[in-house]
Amino acid sequence: MVDIPYEGTRGIPPAEVPDVELYHPRSWWTRYVFSQDAKVIAIQYSLTASAIGLVALVLSWLMRLQLGFPGTFSFIDANQYLQFITMHGMIMVIYLLTALFLGGFGNYLIPLMVGARDMVFPYVNMLSYWVYLLAVLVLASTFFVPGGPTGAGWTLYPPQAILSGTPGQDWGIILMMSSLILFIIGFTMGGLNYVVTVLQARTRGMTLMRLPLTVWGIFTATVMALLAFPALFVASVMLLLDRLLGTSFFMPALVEMGTLSKYGGGSPLLFQHLFWFFGHPEVYIVALPAFGIVSDLISTHARKNIFGYRMMVWAIVAIGALSFIVWAHHMYVSGMFPQFGYFFATTTLIIAIPTAIKVYNWVLTLWRGDIHLRVPMLFALGFIITFVNGGLTGLFLGNVVVDVPLSDTMFVVAHFHMVMGVAPIMVVLGAIYHWYPKVTGRMLNDALGKFHFWVTFLGAYLIFFPMHYLGLLGVPRRYFELGDTTFIPSSAHSLNAFISVVALTVGFSQLVFLFNLAWSLFKGEASGGNPWRATTLEWQTPETPPGHGNWGKELPVVYRWAYDYSVPGAAEDFIPQNQPPRATQHVQGAAS
Amino acid sequence: MAETGLTNPGQSPAQLDGWRGIATDWASDQRAFKNVSWGKAMMWIFLLSDTFIFSCFLLSYMTARMSTTVPWPNPSEVFALNIAGNHIPLILIAIMTFVLISSSGTMAMAVNFGYRRDRFRTAALMLVTAAFGATFVGMQAFEWTKLIMEGVRPWGNPWGAPQFGASFFMITGFHGTHVTIGVIFLIAIARKVLRGDFDVERRGFFTSRKGYYEIVEITGLYWHFVDLVWVFIFAFFYLW
């Protein structure tokens, strides 16, 4: 509601932050390609991440073809299967989800939601994207080098990751490590921008406790990433040295292909500790932005303020902090000192408390809300259900005694796909439906969107729910084929075939979504500036899509929190954050 | 609910004590760290991240050293030099440490003169700092050469655990890279200071942003950090 005249600036503190010196592009190249505008960088990040994500999606189809119909497809051999698994996992977790949430949504939403004109260091932000693109290209190049990509599994555990029995031992593993190092360098440049922008470049009136939860989620996740990625960086450097220079950081003395290898004296467990010191926070680096975004989707589409905003913020921060002391729950069967398990099981179960607070608060936000079942809301609801499901199986796996028989089975695969695969992707899709109108000025097609949601949501359940059962039967993960086993009943094979058929169907239904994105760009209904009647600042920009510098002449001034929905006595069921109190004086009277 | 989010016109919030006060300060309007520029905040956060990198390197080295079954070479012997017939342990490392810590002193003076807008002294002290840094890297190159001549390799050495050479080259190499990057930045910024870029607020070549004398201090933060890291490497690698 930009047409409301500013009058109530009295009492608002003066601007502490000097207005940003914007870089003004002078040519098409600097405007759209080597752009320093966070919005353009966000779109570049999103498109690159989606493109490599589609590759990972195709890899999952190939894996499902093999698992569902073993022996039918002669073009998939055991080595390739391992390579598909590795690349699928690595791409989805790091190059798709991390890059999309932080580089994509972070770049687009942070400056708009905190009322800044751009990130604080646009040039560094631009470099961040180009280094990320380089990392993706290096990763993709492994498909074309001799030996192909590495087949070590996305966890890349030594010693097998660099021994000659593992596919991709020549080039694959070297390029994978190089790509990870590049990714971390690129991410650090972007991440510093996101953190400093949130901390130091907010507009007048935007206190930390008025930030939309989306910003809180992305901010906390970025801080975590800046502290967790160093461990992966160090692990990658050391593994690269082990492979290239023959150092033995992670390599014990062992016999390779019948001869004693050149290695000796290293500790494979050290790699696992470093990897999971990164790897567990990584789960929440992906989950916290999803938590934040889904809070905003639910509040907006249920026309109700978020329940317990303060607790939601503290829960995000607490989850972020706790996630740094739970990493060894991934290592119960690794051979580490067994009594560590007590500590790590305890901390793991403690994380359930702030997480449960968040789930209850989402549900209580929905309680007696004016729920509009629009596509973003459907995806948000789908997220809650999937996340609760994945979280509950997490309690199984967090306990040592339950984890030991279940580890390395399909149960684990089902668990982490539910909790950090499907659930964040639900939020990504919901968020795209939600913010597409702001990015393009057009609505996505509603009917196609609903079709997309139901196929994706039900399909995801049909794929991953039976996998829990397969895991309980003892079907192992990462096996090329099951062969003749007595403990796996033949029904498991039919179930595998069923899962594969559903997976392919759901995968292809994503084409509907891609079509919708492309079609709506040109033919979609014009959305106007604020189609969802939302309160947060990004919907109050003078132009849609927001122009260079976001806010026209003057920065917005914020007078209230992000969740003034259905305020009793207000003229409309939402009050934008930048609407001064004078325009709503009757509201104060009504509520006090 | 509406009131909780509203600004009270004309009333400044009362000062709160203790944790509540800290939380209120942090969460306050526009900036969490008052009077801290973006560049400085960014450097501090970067250094926090870099601290984690060096911590992981050092912890990995310590794990390797503690878990190896082969004896670890004695650093006092390995890093000893024969000078004029005297066998002096750790002498080169001692000189390197002295040089690097001295460079922190000249850097601090450069920051001081920077805020006084004394272009020549600032630039000169930055160049002295860079020279100390380059000397440090040079001595490190000497040390590497000496060890390589004696047969130390990343995959083995004549005296014991192969992880000795691996950790040594990796950690000092990573730190040396930091010092080298610092030297390059010191020279580049000393040039800008000398040319008067920060007095006329000339725009940067890459970023097209105006520069300020604060950049000297931000470079200094990085430089002091690199020195501090060296102290830990010195303690954990050479003195242990």
Problem - Residue selected from the stretch B:9-44 under the condition modelled with pLDDT under 75 and more than 7 Å from chain A (Cβ to nearest Cβ), by the criterion farthest from B:I218 (Cα to Cα) - result: B:Q11
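Residue under question is B:N35, and the condition is that it be at positive phi and surrounded by fewer than 12 Cβ atoms within 10 Å (Cβ to Cβ); does it hold?
Working: at positive phi: yes; surrounded by fewer than 12 Cβ atoms within 10 Å (Cβ to Cβ): yes.
For B:N35, the condition - at positive phi and surrounded by fewer than 12 Cβ atoms within 10 Å (Cβ to Cβ) - is met.
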Practice task
Name the single residue, out of those in the stretch A:237-254 being surrounded by fewer than 24 Cβ atoms within 10 Å (Cβ to Cβ) and under 27 Å from the mean Cα position of the chain (by Cα), that is nearest to the other protein chains (Cβ to nearest Cβ).
Solution key: A:V237
Practice task
Could you check, for the stretch A:18-37, whether at least one of its residues is crowded, with 17+ Cβ neighbours inside 10 Å, touching a Leu at 6+ places or on another chain (Cβ under 9 Å) and in a helix (DSSP H, G or I)?
Solution key: no
Completion exercise
Cβ pairs under 9 Å, 6+ apart or interchain, first in the stretch B:197-210 and closer than 22 Å to A:L127 by Cα and within 13 Å of chain A (Cβ to nearest Cβ), second surrounded by 14 or more Cβ atoms within 10 Å (Cβ to Cβ) and at pLDDT below 80, ordered by first then second residue, are B:R203/A:E21; B:T207/A:Y23; B:S208/A:E21; B:S208/A:Y23; B:R209/A:E21; B:R209/A:Y23; B:K210/A:E21
Practice task
Identify the single condition in (1) on the phi > 0 side of the Ramachandran plot; (2) modelled with pLDDT of 95 or more; (3) not acidic (D, E) that B:G196 does not satisfy, given that it satisfies every other one.
Solution key: (2)
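Got a number for residues in the stretch A:354-392 being within 30 Å of A:S334 (Cα to Cα) and in contact with a Leu (Cβ under 9 Å, 6 or more places away or on another chain)? So that I can check it myself, show each step before the final result.
Filtering the stretch A:354-392 for residues within 30 Å of A:S334 (Cα to Cα) gives A:354-356, A:386-392.
Retained after the next criterion (residues that are in contact with a Leu (Cβ under 9 Å, 6 or more places away or on another chain)): A:354.
Summing the residues that are within 30 Å of A:S334 (Cα to Cα) and in contact with a Leu (Cβ under 9 Å, 6 or more places away or on another chain) in the stretch A:354-392 gives 1.
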Practice task
Output the qualifying pairs, or none if there are none: Cβ atoms under 7 angstrom, residues six or more apart or on different chains, first residue in the stretch A:552-580 and under 16 Å from A:D370 (Cβ atoms) and more than 12 Å from chain B (Cβ to nearest Cβ), second residue modelled with pLDDT of 90 or more and not in a loop (DSSP other than H, G, I, E, B).
Solution key: A:D573/A:Y565
Completion exercise
Scanning the stretch B:145-158 residue by residue, those on the phi < 0 side of the Ramachandran plot and more than 14 Å from every other protein chain (Cβ to nearest Cβ) turn out to be B:T145, B:K146, B:L147, B:M149, B:E150, B:P158
Practice task
Within the stretch A:255-299, work out how many residues are closer than 19 Å to A:L232 by Cα, small (G, A, S) and under 18 Å from the mean Cα position of the chain (by Cα).
Solution key: 2
Problem - Boolean, B:G160 is of a type in the set (G, A, S) and either at pLDDT 95 or above or under 20 Å from B:M126 (Cβ atoms) (or both) - result: no
Completion exercise
Cβ pairs under 8 Å, 6+ apart or interchain, first in the stretch A:499-513 and at pLDDT 95 or above, second among the charged types (D, E, K, R) and crowded, with 16+ Cβ neighbours inside 10 Å, ordered by first then second residue, are A:I499/A:R64; A:S500/A:R64; A:A503/A:R64; A:L504/A:R64
Completion exercise
Selection over the stretch A:83-139 where residues are without any contact (Cβ under 8 Å) to a residue 12 or more places away in the chain and within 14 Å of chain B (Cβ to nearest Cβ) yields a count of 0
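Quick grid of which residues meet (1) surrounded by 15 or more Cβ atoms within 10 Å (Cβ to Cβ); (2) within 14 Å of chain A (Cβ to nearest Cβ); (3) part of a helix (DSSP H, G or I); (4) at pLDDT 95 or above:
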{"position": "B:I53", "(1), (2), (3), (4)": "yes, yes, yes, yes"}
{"position": "B:A64", "(1), (2), (3), (4)": "yes, yes, yes, no"}
{"position": "B:T69", "(1), (2), (3), (4)": "no, yes, no, no"}
{"position": "B:W72", "(1), (2), (3), (4)": "yes, yes, no, no"}
{"position": "B:T106", "(1), (2), (3), (4)": "yes, no, yes, yes"}
Exercise for the section: All but one of (1) more than 17 Å from the chain's Cα centre (by Cα); (2) hydrophobic (A, V, I, L, M, F, W, C); (3) within 20 Å of A:T505 (Cα to Cα) hold for A:A78, so report the exception by its number. Expected result: (3)
Practice task
Confirm whether A:I184 is in a helix (DSSP H, G or I), within 12 Å of another protein chain (Cβ to nearest Cβ) and within 30 Å of A:R478 (Cβ to Cβ).
Solution key: yes
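Please list, ordered by residue number, the helices (runs of 4 or more DSSP H) wholly in the stretch A:397-497 having 3 or more residues that are crowded, with 16+ Cβ neighbours inside 10 Å, at pLDDT 95 or above and among the aromatic types (F, W, Y). Break it down into steps so the answer makes sense when it comes.
Details: elements: A:400-406, A:410-417, A:423-440, A:446-473.
Per the criteria, A:423-440, A:446-473.
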Fill in the blank from the handout: Apart from one, (1) more than 14 Å from chain A (Cβ to nearest Cβ); (2) of a type in the set (F, W, Y); (3) within 21 Å of B:W44 (Cβ to Cβ) all hold for B:F234; the odd one out is (3)
Handout entry: Given (1) in a helix (DSSP H, G or I); (2) among the polar types (S, T, N, Q); (3) touching a residue at least 40 places away in the same chain (Cβ under 8 Å); (4) away from chain B (no Cβ under 14 Å), number of the condition A:T197 does not satisfy
Key = (4)
Handout entry: Positions within the stretch A:255-270 being touching a residue at least 60 places away in the same chain (Cβ under 8 Å), within 9 Å of another protein chain (Cβ to nearest Cβ) and assigned to a helix (DSSP H, G or I), in sequence order
Key = A:L269
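The values are calculated or read from the model by the stated rules, or taken from the named source; none is laboratory data. All figures in this text were calculated on a predicted structure; none of them were measured in a lab. Using ideal geometry, Cβ is built from the backbone for each residue, glycine included, and neighbour counts are taken over all protein chains shown.
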